[in-house]
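Here, each number is a calculation from the coordinates, and none is a lab measurement. Quantities reported herein were computed from a predicted structural model and do not represent experimental measurements. Positions of Cβ are backbone-derived with ideal geometry, glycine not excepted, and every protein chain shown enters the neighbour counts.
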Amino acid sequence: MPWGISKCGRCRMPEEEIYDAMGINIEKYKQAVPGTFLVLLAGTAWACVGVMLLFSAVLWLSAASDGVPPLVFAAAGSVMAFLVHHFGFLKIVDKNLDRILPVNGKKCLFSLPIPFRKTGA
């Protein structure tokens, strides 16, 4: 452990001065990305989830052969998916975009501005 980053309280130097004294450029190790990359990353994650759900649906529909044609299940599932997408999922997407898009400059990939809500009984 480098001198000055200990938890004992003996070292009083700020971290930036410690890294400067050691000759370490800490900025190049930060996981900072622009806000547009965060949107791209979120979109890619949701696209992968969509492909996984479509694959599961195809497997389920191909296994449903108890006298009812799979097209009936596919039609019912498509109608329900449209309703959930339009009335539920779009609200979640809008909330997430409202959090991500105001990010100015580069932010850490793992520090999205997530609002904390108090949940209590």
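Below, the figures for the structure above:
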item: Magnitude of the charge dipole, segment 47-112, Cβ model with Lys/Arg +1 and Asp/Glu -1, debye to 20; result: 440
item: Label-point separation in nm, W46 to K30, each point 7 Å along Cα→Cβ; result: 2.8
item: Extension gain, A21 back to V68 (0.36 nm per residue minus Cα-Cα distance, nm); result: 9.5 nm
item: Whole-number D in µm²/s for segment 34-108 (Stokes-Einstein; Kirkwood sum over Cα pairs; 25 °C, 0.890 mPa s); result: 166
item: Approximate spin-label separation V93-L61, in nm, with each point projected 7 Å along Cα-to-Cβ; result: 2.0
